[in-house]
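The values are calculated or read from the model by the stated rules, or taken from the named source; none is laboratory data. Source: prediction; values computed, not measured. Here the Cβ is made from the backbone with ideal geometry for all residues, glycine too, and neighbour counts use every protein chain on show.
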Amino acid sequence: MDYQHSVIMDVGKCKGCTHCLNRCPTEAIRIRDGHAVINANRCIDCGECIRMCPHNAKKASFDKLASLPEGKYKIALPAPTLFGQFENLDDPDYLVEGLLKLGFDDVYEVACAAELVTEYTRRYLKQRGISLPVISSACPVVVRLVKLRFPTLSENLLPILPPVEIAGMLAKEKAKKEHPELKDEDIFTVFISPCPAKVSYVKNNLSGEKSNVDMVVSVSDVYFELLGVMRKTDLPNASSKTGMVGLSWASSGGEASSLLNDRYLAADGIENVIRVLEDIEIESHPNLTFVELNACAGGCVGGVMTVENPYICRVRLRNIKRYLPVSLNHPPQDDPERGVPDRYTMTEPEEYGHVSRYDESRKEAIRMMKDVNAVFATLPELDCGSCGSPTCRAFAEDVVRGTANYEDCIAVMRDKLREMEKGTKQ
Amino acid sequence: MPKVTAVNNEILYYRFDVDGDNFTSAGEASVQTKRILRRVGFPPEAIKRVSIAMYEGEINMVIHASGGVAELYIEEDRVVIVLTDHGPGIENVELAMQEGYSTAPDNIRSLGFGAGMGLPNMKRYTDGMEIETKVGEGTKITMTVNV
């Protein structure tokens, strides 16, 4: 099955401008026939084009809260980021209560599962024979980026399921325990996500098996619904079950710093992430044990489907965390294994190619590179994007690959016109 | 479309001017080299070796020879780096190849460079290294990395 992306184009709204073209970190976008076209093989679902588009021609494919199925036992899985969206929210219990008021039968915070992942990661890092540095696998954009552009680092990815997947699994188990009459198909989990990449994660079964998340709605969608039902005057009955560690996963550095290991690096923002991976690939880095990478600036709080500015969100989360215990979720006391239980381990889903390479054969790639250099040498290096390719170099590559016409370069055409003009004057 | 003709279609050639006046730009040729090799599809291990050799060579040319030229010849199964400068030349090559031996000035050392590991690292990370040098005229270093 082809990879299903979560960025959708509204061709009618697209004016064919160059905002997304210039911003796409994997050069996956071209302007063809007056509108943007996304190359599915290169797109990593980072959402930068959604963020940049001034005409709202790009959207994230989310489910709507209004389309929740009737008659099912519905469990909300709020991302830690959701807690940082609200002004004056200093107690997470109000938010949990608010979700129940919206019609959910139960709430299982993703932050709780994140605390488990933190503990299991500590165990994993103690194992021998693992490839260092271990790269966090919580951000699906990073996972796809590694597999597409840095396949040699695939074995460095943390093989533990991302918190949202474990939250879905544990939420379903809890529901069955509390309500033995429920059948599997009666239970319905809804992840409240800050980013579209998680939609791709669920659609493509990136955990290797069918996801335990049944539906993904956006933080911004739920935010406005919650505003209507959350009241400070009503004391909440429900209670949040996460500690500081779980909520800290929302911002860059939260996951890594919870590992109680100094030899970590945390980078955020897709361009920075790519730079770090380039360095790790050729081992030009200090002795690192753990690398946390988040595609969005600031971490998940910077997700494109959030409401609040990421830095404000981070401050609010800090206020909420202030009076929380460090961590409330731990592996069972009688856990016989010291490692990571199989059910929390990721199975390898699919093989990817190496998209940054020109050709499988080095000989062919060298020939192509020479051709690209020859074409590039004649281009103006303006990177104006008028030809529909993001840079003059990308244009040269497109010309050599045969996916663009050399005459599409306006500088080349201008020179040609001047030549013709000269010809007619003489 | 321009006509693409190459003298030797099997070798990809690049030339980088290493600016001696600007210490902060040292290492740029190494970064570009990395990008090129990645696109051609060299294994990461080879890219690492080439980029370290190139980096050390650039730094040396900036510290000792106020810059020079770095040339890169990329073939299917090997990469050749040629570094040419018109600096003071190396008086005693054998001594210069010893780990820890350095003639770098103090201001360079205070930046963390000049540890006397440049030439030894270039030798360690490449499969072959030749030094041609003449005191008062300059130095040419040719390094090969095989894949």
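All of A:Val291, A:Val307 fail the test of being assigned to a loop (DSSP other than H, G, I, E, B), within 18 Å of the chain's Cα centre (by Cα) and not hydroxyl-bearing (Ser, Thr, Tyr), apart from A:Val307.
The numbered conditions (1) without any contact (Cβ under 8 Å) to a residue 40 or more places away in the chain; (2) closer than 28 Å to A:Tyr124 by Cα are all true for A:Pro159 except (1). Of A:Thr347, A:Thr391, all but one fail to be closer than 30 Å to B:Pro43 by Cβ and away from chain B (no Cβ under 14 Å); the exception is A:Thr347. On the basis of being closer than 19 Å to A:Lys232 by Cβ and of a type outside the set (D, E, K, R), does A:Phe86 make the cut? Yes; evaluated as a whole, the condition is true for this residue.
Consider B:Leu95 carefully, then state whether it is modelled with pLDDT of 90 or more and either under 30 Å from A:Asp415 (Cβ atoms) or part of a strand (DSSP E or B) (or both). Answer is no for this residue.
Go through the residues of the range A:97-106 one by one and say whether even a single one is of a type in the set (Gly, Ala, Ser) and within 14 Å of chain B (Cβ to nearest Cβ). The answer is no; no qualifying residue exists. Of all residues being of a type in the set (Val, Ile, Thr), in contact (Cβ under 8 Å) with a residue 60 or more places away in the chain and over 17 Å from A:Pro140 (Cα atoms) in the range A:236-292, which is farthest from the other protein chains (Cβ to nearest Cβ)? Just the residue, please. If we take residues in the range A:236-292 being of a type in the set (Val, Ile, Thr), in contact (Cβ under 8 Å) with a residue 60 or more places away in the chain and over 17 Å from A:Pro140 (Cα atoms), then A:Thr242 is farthest from the other protein chains (Cβ to nearest Cβ). The single residue among A:Ser200, A:Ser211, A:Ser131 that is part of a loop (DSSP other than H, G, I, E, B) and touching a Leu at 6+ places or on another chain (Cβ under 9 Å) turns out to be A:Ser131.
Of all the criteria given as (1) away from chain A (no Cβ under 14 Å); (2) of a type in the set (A, V, I, L, M); (3) within 28 Å of A:Ala377 (Cα to Cα), the one not satisfied by B:Leu95 is (3). You will find that of A:Val146, A:Val164, A:Val142, the residue that is under 27 Å from A:Cys46 (Cα atoms), aliphatic (A, V, I, L, M), within 14 Å of another protein chain (Cβ to nearest Cβ) and under 24 Å from the mean Cα position of the chain (by Cα) is A:Val146 and no other. For A:Ser386, the conditions (1) closer than 28 Å to A:Gly16 by Cβ; (2) modelled with pLDDT under 90; (3) surrounded by fewer than 19 Cβ atoms within 10 Å (Cβ to Cβ); (4) not β-branched (Val, Ile, Thr) all hold with the exception of (2). Give the residues of the range A:391-415 that are surrounded by fewer than 12 Cβ atoms within 10 Å (Cβ to Cβ) and among the charged types (D, E, K, R), sorted by residue number. Selection gives A:Arg414 alone. The residues of the range A:409-426 that are outside any helix (DSSP H, G or I) and out of contact with any Cys (no Cβ under 6 Å at 6 or more places or on another chain) amount to a single one, A:Gln426.
In the range A:155-176 there is at least one residue matching the filter, namely being farther than 23 Å from A:Leu260 by Cβ and at pLDDT below 90.
Filtered by the rule that a residue be within 11 Å of another protein chain (Cβ to nearest Cβ) and in contact with a strand residue (DSSP E or B) (Cβ under 7 Å, 6 or more places away or on another chain), the range B:7-21 gives B:Ile11, B:Leu12, B:Tyr13, B:Tyr14.
If you filter the range A:15-50 down to residues that are in contact with a Lys or Arg (Cβ under 8 Å, 6 or more places away or on another chain) and touching a residue at least 60 places away in the same chain (Cβ under 8 Å), you find that the one that is nearest to A:Ile274 (Cα to Cα) is A:Thr26. Out of A:Thr189, A:Thr233, one residue alone is assigned to a loop (DSSP other than H, G, I, E, B) and assigned by TED's automatic domain parsing to the domain that holds A:Cys112. It is A:Thr233. If only residues of the range A:231-248 that are modelled with pLDDT of 90 or more and not small (Gly, Ala, Ser) are counted, the one that is farthest from the chain's Cα centre (by Cα) is A:Lys241.
Under the condition of being charged (D, E, K, R) and within 14 Å of chain A (Cβ to nearest Cβ), which residue from the range B:22-69 is nearest to B:Pro120 (Cα to Cα)? Filtering first and then ranking leaves B:Glu56. Filtered by the rule that a residue be of a type outside the set (Phe, Trp, Tyr) and buried (at least 24 other Cβ atoms within 10 Å of the Cβ), the range A:240-251 gives A:Ser240, A:Thr242, A:Val245, A:Gly246, A:Leu247, A:Ser248, A:Ala250, A:Ser251.
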